[in-house]
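Take a look at the structure below.
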Amino acid sequence: MNNNRRSFLKMAGLLSTGMASGPLHGFSKNSDHNAVSGAGTNDAQLFNMCGYRAPKIDTVRIGFAGLGNRGSAAVKRISHIDGISINGLCDIRPERVQQSQAAIKSLPYKPALYSASGDDYKKMCEREDIDVVYIATPWNLHVPIAVYAMNHGKHVCIEVGNAESIEECWQLVNASEKNKKHCIFLENCCYDFFELLTLNMARQGYFGDIVHCEGAYIHTIEESLFDVNARYNLWRLRENAKGSGNLYPTHGLGPICQVMNINRGDQLDYLVSVSGNDFTLHHLEEEAYKKDPATFKPFLNAGFRGNMNTSVIKTMKGKTIMLQHDVSSPRVYSRIHLISGTKGSALKYPLPGKIANSHEGWLSEDDMKKLEDTYTLPIVKRLGEMAKQVGGHGGMDFLMDWRWIDCLRNGLPVDNDVYDAALWTSIGPLSKWSAAHRSASIDVPDFTRGAWKKNKPVELSIDHENLTGVKA
Ligand SMILES: NC(=O)c1ccc[n+]([C@@H]2O[C@H](COP(=O)([O-])OP(=O)(O)OC[C@H]3O[C@@H](n4cnc5c(N)ncnc54)[C@H](O)[C@@H]3O)[C@@H](O)[C@H]2O)c1
């Protein structure tokens with residue numbers, strides 16, 4: 001890197017976020033002042049993982065890394081799905097490993113257990129009898145574990161979160177392409193019932209050309225951020241103290257990227273992002289410090305991200321996205337999920353979800369029922385009731401897990417691949433950069449390195465033999 005570029009990047013604050021390093025990062029495709037999202041790379045793809053059909057795996061052997069709130073629930077959920085074996089359980093806290101082991105003790109699985117150190121996941125990744133490593137750790141471990149696992153011949157599933165840097169996103173892409181291993185992004189909101197309905201409607205042309213979409217993560221979790229029992233080592237509070245941007249972009253963004261065929265026909269081009277100040281977290285931090293100075297001293301005056309972050313993204317095909325993040329205001333839960341097209345629109349929140357085919361008003365309950373009859377996907381018709389019984393955010397978690405397992409068992413392309421994982425989580429560091437630079441625009445990297453122009457959307461079809469079974 002030449003000195004001029006280094007000093008420019010230093011000024012732009014990008015060296016410290018990892019946005020300037022790695023093999024693929026040049027200046028903006030538009031202008032110098034935009035700098036450094038890596039979009040202008042000339043490097044070729046090693047292999048196109050979009051649409052990739054991996055060799056079929058009859059029994060999908062899974063090792064779980066991270067058995068806290070989310071990982072332990074996944075173990076229980078997945079044990080209802082046929083054609084799997086739970087062969088590894090790993091958590092830095094031995095009691096979490098024991099709890100998950102106890103939860104499946106009546107089942108015929110004999111998982112190897114790993115909790116000796118923070119690096120013990122490596123031993124699990126090195127095992128011959130594991131096909132997939134399912135990662136539900138704090139965010140800062142997602143990429144190190146995923147890259148290690150893919151380099152050791154495993155597919156990976158990664159829980160949602162936020163990339164630590166753009167460089168990390170490229171690490172995921174390179175490891176997946178080099179090893180031809182799937183990096184499945186566990187964005188469960190893509191499998192919620194209204195999202196699947198509107199995805200199918202969009203694909204069947206109900207909304208016409210999509211013009212604009214909105215998504216969000218508006219969810220009041222600020223009390224739990226300061227609760228030492230809520231998560232391991234207050235990891236999510238630490239993330240909130242790191243920088244101001246969209247820290248949890250994928251619940252809102254994932255479903256609308258699918259509707260807009262992002263990575264498969266269109267691509268995110270650039271974003272601008274603005275963060276307001278923090279009006280709530282520092283009060284909670286002061287209270288927490290008074291009660292427990294030893295634990296909360298490191299957070300004192302750490303500087304928290306603002307309550308509300310809003311990002312606006314333009315796509316290569318001239319469409320727009322508005323994305324919000326607020327986990328600390330007393331708001332009613334919302335992921336918005338607005339779809340605005342030339343022939344119709346949909347809005348999920350405030351619940352219930354609504355559809356319109358003109359500006360005159362939302363469709364009646366009767367008309368909504370007719371739409372559901374027409375557009376409900378076969379996967380929902382077949383597994384929706386079972387998914388609701390097993391649960392996991394109303395059933396979407398179960399549908400998601402059934403789907404990726406069925407894809408691996410049948411050698412089908414996965415719905416949310418490494419390019420989705422990299423792109424959706426890259427909004428974290430990009431929004432932080434833009435918000436820190438008076439909302440200057442920044443290019444979104446094209447992790448497909450141009451392949452988005454020819455990639456095709458993945459059909460959510462269940463029209464194949466050897467459909468994976470489920471048990472109550
Ligand atoms: N999709 C969703 O709806 C949803 C909901 C909640 C959480 N999540 C995601 O799930 C992930 C985990 O969140 P959580 O709420 O379960 O957090 P958690 O703190 O309850 O669980 C994380 C677990 O990782 C373990 N861990 C930490 N370091 C480790 C290491 N070096 N090796 C092995 N294990 C280690 C911890 O002991 C802990 O049990 C995050 O990515 C989060 O964003 C997703």
Condition set more than 10 Å from the ligand (Cβ to nearest atom) and not in a helix (DSSP H, G or I), scope the range 90-109, selection nearest to Asp397 (Cα to Cα): answer is Ile104
Hey, among the residues in the range 429-452 that are touching a Phe, Trp or Tyr at 6+ places or on another chain (Cβ under 8 Å) and surrounded by 23 or more Cβ atoms within 10 Å (Cβ to Cβ), which one's farthest from Gly469 (Cα to Cα)? Ile442
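Does the range 64-87 hold any residues that are within 11 Å of the ligand (Cβ to nearest atom) and assigned to a strand (DSSP E or B), and which are they?
Step one: list which residues in the range 64-87 are within 11 Å of the ligand (Cβ to nearest atom), which gives 64-74.
Result: Phe64, Ala65.
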Please go through the range 270-302 and give me each residue that is of a type outside the set (A, V, I, L, M, F, W, C) and in contact with a strand residue (DSSP E or B) (Cβ under 6 Å, 6 or more places away or on another chain), ordered by number. Tyr270, Ser273, Ser275
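Going by the structure shown, is Ala112 near the ligand (Cβ under 8 Å from one of its atoms) and touching a strand residue (DSSP E or B) at 6+ places or on another chain (Cβ under 7 Å)?
Here the answer is no, as Ala112 does not meet what is asked.
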Please name all residue pairs, on different chains or six or more residues apart, with Cβ atoms under 7 Å, provided the first residue is in the range 283-304 and is assigned by TED's automatic domain parsing to the domain that holds Leu225 and the second residue is loosely packed, with under 12 Cβ neighbours inside 10 Å. Tyr289/Lys297
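Every residue in the range 82-91 that is closer than 15 Å to Asp401 by Cβ and buried (at least 22 other Cβ atoms within 10 Å of the Cβ), please.
Of the residues in the range 82-91, the ones closer than 15 Å to Asp401 by Cβ are 82-86.
Result: Ile84, Ile86.
List the helices (runs of 4 or more DSSP H) that sit entirely inside the range 153-250 and contain at least 3 residues that are more than 18 Å from the chain's Cα centre (by Cα) and away from the ligand (no atom under 13 Å from the Cβ).
Working: elements: 166-179, 193-203, 222-225, 235-240.
Because the criterion is at least 3 residues that are more than 18 Å from the chain's Cα centre (by Cα) and away from the ligand (no atom under 13 Å from the Cβ), the helices (runs of 4 or more DSSP H) in the range 153-250 that meet it are 166-179, 193-203.
The values are calculated or read from the model by the stated rules, or taken from the named source; none is laboratory data. Nothing here was measured: the structure is a model prediction, and the numbers come from that model. Positions of Cβ are backbone-derived with ideal geometry, glycine not excepted, and every protein chain shown enters the neighbour counts.
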